There are 2 protein chains.
Amino acid sequence: MAKYTINDVAKAAGVSKATVSRYLNGRFERMSLATRRKIKAVIADLGYVPNYNASALKSKRSHQIGVVVGDVSNVYSTFLIKGISGVTRTRQDQILIADGGEDPQQETVAIKNLLSQNVDGIILQPARPDASGYQFLKDAGVPVVLVDRLLRPLLFPCVTSNDTASGKLLAQAALEKGYQNVIVLSHPVDQATVRYERYRAFAAVCRGANIPINLLEVEDADDVSGLRAALDAAQSMKSVIFATNGILLMAALRWLQQQQIAVPKQVGLCGYDDWNWGELANPPLAVVNQNPEKIGREVALRLEQLIAGKEVFVGRTEVPAEVHIRESL
Amino acid sequence: MAKYTINDVAKAAGVSKATVSRYLNGRFERMSLATRRKIKAVIADLGYVPNYNASALKSKRSHQIGVVVGDVSNVYSTFLIKGISGVTRTRQDQILIADGGEDPQQETVAIKNLLSQNVDGIILQPARPDASGYQFLKDAGVPVVLVDRLLRPLLFPCVTSNDTASGKLLAQAALEKGYQNVIVLSHPVDQATVRYERYRAFAAVCRGANIPINLLEVEDADDVSGLRAALDAAQSMKSVIFATNGILLMAALRWLQQQQIAVPKQVGLCGYDDWNWGELANPPLAVVNQNPEKIGREVALRLEQLIAGKEVFVGRTEVPAEVHIRESL
DNA sequence: TTGAAAGCGCTAACAT
DNA sequence: ATGTTAGCGCTTTCAA
């Protein structure tokens with residue numbers, strides 16, 4: 001693979017490989033300017049590229065951090081990665097992306113693979129809230145920070161959106177418009193603490209206003225036809241749909257358009273928008289934007305601290321979301 | 001890091017580490033079922049995780065492939081990664097994502113980092129079309145496949161969308177609606193062959209129909225206000241805007257809405273849509289969808305072949321795009 | 001069918 | 001300011 005080794009550089013520069021190693025690791029303190037320049041020239045000349053596998057073997061630092069997301073094609077993950085990448089790039093670290101597939105088994109395989117690669121740390125959007133499935137990760141002794149979803153008990157530091165607060169704001173805005181019935185469209189709420197919090201926030205506001213709330217759980221965003229029954233059940237009461245993530249929000253709008261149900265005239269719509277298109281939709285959508293890139297930066301900073309050996313509070317850090325009320329309500 | 005090594009497993013199982021290594025690499029051909037079972041039990045018992053850095057050092061296979069995209073937060077990249085990830089997962093490979101930042105220097109640093117990590121191969125969406133800046137990659141001898149953009153000369157196999165064909169279809173659809181002036185909104189066309197092809201396809205159709213075409217190049221999708229002057233210059237001629245990528249398409253629609261310019265009544269709009277929201281926009285947009293997930297699969301398959309030592313045609317493979325004509329024209 | 005031993009490219013004492 | 005040396009955890013001949 002690598003054409004030249006540290007030995008080749010050492011020979012060509014007429015120094016020992018220890019000196020070259022010092023050069024590579026930026027320990028110039030007690031190195032003559034002459035050898036420093038010489039080594040630099042030789043490296044450029046040969047096009048030498050150091051082998052991190054070898055250095056990781058010795059130094060226990062791979063300069064790689066693992067990121068396990070639920071679904072790489074989700075735009076939320078995209079911005080998350082962007083945020084993480086901005087932080088790690090300045091640290092010369094690379095990010096190893098693994099797709100957990102929202103599936104505990106696939107996720108476990110992915111995490112073990114990352115451990116095998118000796119990542120310096122892991123950022124994890126866990127597929128399930130039960131901490132017992134992650135004990136092996138804790139035992140591995142690798143720095144871990146959770147993102148977007150909590151574990152019970154927490155086990156690791158965690159960065160999320162302020163879901164309860166944003167959910168409440170959105171719910172209040174919806175109820176002010178006079179809806180008499182609420183339909184929450186979500187993936188199974190007991191599989192992710194955050195979904196549950198969003199649902200709970202909505203439910204709390206509805207209860208306060210004495211408005212009925214129905215939970216419609218779907219496994220797959222491709223089929224939200226269950227909305228039909230939920231709307232029928234509401235009879236003459238005017239309904240608003242609350243989608244707990246961007247995929248479902250998009251799916252709901254698509255379905256409403258196909259069914260030729262006017263929004264917000266016949267049915268209201270609001271939800272979480274990670275895709276930044278809510279403003280451009282027809283009609284413009286009332287949404288919460290979570291600012292996932294910021295979340296990514298925050299989580300990466302915490303991980304870097306852990307890797308540097310600093311203490312990090314094992315608790316939840318909330319990044320404030322933005323709530324945009326628009327015509328869909 | 002890893003708590004146990006192959007030595008610990010060997011001792012606990014009462015065999016040599018060579019035997020454990022054979023087990024780990026699935027070479028069971030001439031291994032007694034007893035030892036095989038014994039090793040399996042010990043590994044499970046200890047929770048042993050192999051160290052890929054060490055194995056990579058010896059075997060020259062890191063089971064990592066590098067992916068360099070122009071911008072990780074672009075939805076195109078997202079689906080690309082999804083497609084790649086589906087292929088690599090079945091091969092037990094991990095993907096190292098690097099953000100090239102659409103900047104040759106940052107990209108070069110990213111690629112060198114990937115080489116240092118001894119990736120088995122690289123998938124690259126190059127920031128610039130000039131092959132000379134990538135000679136060092138060619139020299140490194142690592143398998144490389146290009147995606148989305150070509151190099152001149154090509155140097156590596158490449159997978160893209162069929163841009164000329166889809167651009168022509170979109171252009172023809174636009175001109176059939178009777179527009180008298182075309183504005184192409186693009187990032188600098190000479191920095192990416194594919195953008196240039198899209199522009200050229202449009203230009204060719206316009207030339208055939210004797211319709212004037214104006215190229216508006218922007219550096220940053222956050223500022224598309226140059227559209228104002230372009231529209232003014234058209235005077236009374238009815239204009240259609242063609243955005244050469246999803247970000248600009250979104251930016252254009254946002255700008256038109258802010259300026260309260262009715263689409264398609266006053267100005268037509270069409271372009272490339274990697275975000276899958278064209279259908280839901282107001283108005284629904286006439287777009288080309290490139291199918292980036294398919295592109296990701298194709299490019300990953302080619303890379304895996306190269307890694308496996310097979311020959312791959314150093315030429316362009318085109319994945320057909322879908323053209324959707326909708327109300328925005 | 002299994003083991004012994006050399007070595008992959010690098011780092012980090014310890015010398016000098 | 002620089003060199004010597006002993007590994008890091010694994011794979012892979014070669015031998016048994």
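Any read-out appearing in this document is the output of simple, stated calculations on the displayed coordinates, not a laboratory observation. This structure is a prediction, so every number in the text was calculated from the model and none was measured. Methodologically, a virtual Cβ is constructed for each residue, glycine included, from the backbone with ideal geometry; neighbour enumeration extends over all protein chains shown.
Quick notes
- Cα convex hull, chain A: 156 Å³ per residue, rounded to a whole number.
- The stretch B:1-74, relative contact order [Cα under 8 Å, separation at least 6], %: 34
- Build a GNM of chain A with springs between Cα atoms under 10 Å apart, and of A:ALA140, A:ALA229, A:ALA44 the one that fluctuates most is A:ALA44.
- Descending semi-axes in whole angstrom, ellipsoid equivalent of the protein assembly as shown, from the Cα gyration tensor: 45, 35, 21
- If the convex hull is drawn through the Cα atoms of the stretch A:245-329, its volume per residue in Å³: 89
- The chain B residue nearest the rotation axis shared with chain A, using its Cβ and rounding the distance to whole Å, is B:ASN282, 2.
- Relative to the dominant Cα principal axis of chain B, helix B:104-116 is inclined by about 20°.
- Our summary gives chain B a relative contact order of 18 percent, counting only alpha carbon pairs under 8 angstrom and 6 or more residues apart.
- Separation between Cα centres of the stretch B:132-194 and the stretch B:245-279, rounded to whole Å: 21
- Partner lysines for B:LYS238 [C-alpha distance under 21 Å; skip if fewer than 8 residues away on the same chain]: B:LYS168, B:LYS177, B:LYS265
- Pseudo-label separations to other copies for A:PRO212 - Cα-to-Cβ vector, 7 Å, nm: 6.2
- Copies compared at A:LEU46 - label distances in nm, ascending, label defined 7 Å from Cα in the Cβ direction: 3.5
- Relative intensity of the stretch A:6-50 on a log10 scale, I(q)/I(0) at q = 0.13, 0.31 Å⁻¹, equals -0.21, -1.27, per a Debye sum over C-alpha point scatterers of equal strength in the absence of solvent.
- Among B:SER186, B:SER16, B:SER77: highest mean-square fluctuation, GNM of chain B, C-alpha pairs under 10 Å: B:SER16
- For the stretch B:300-325 and the stretch B:47-126, distance of Cα centres in Å: 17
- Range in chain A, longest, excluding exposed GluC sites (Glu not before Pro) [loop by DSSP; at most 10 other beta-carbon atoms within 10 Å]: A:30-218
- Distances between equivalent label points of A:ALA233 across the copies, with each point positioned 7 Å along Cα→Cβ, amount to 5.9 nm, shortest listed first.
- Set A:LYS60/A:LYS82; A:LYS60/B:LYS60; A:LYS82/B:LYS310 screened for pairs whose C-alpha atoms are more than 28 Å apart: A:LYS82/B:LYS310
- Kirkwood Rh in Å, taken over all unlike Cα pairs in the stretch B:163-290: 14.2
- GNM result for chain B, Cα springs below 10 Å: residue of B:ASP223, B:ASP120, B:ASP148 fluctuating most strongly: B:ASP223
- Volume per residue for the stretch A:11-97 equals 124 cubic angstrom (convex hull of Cα atoms).
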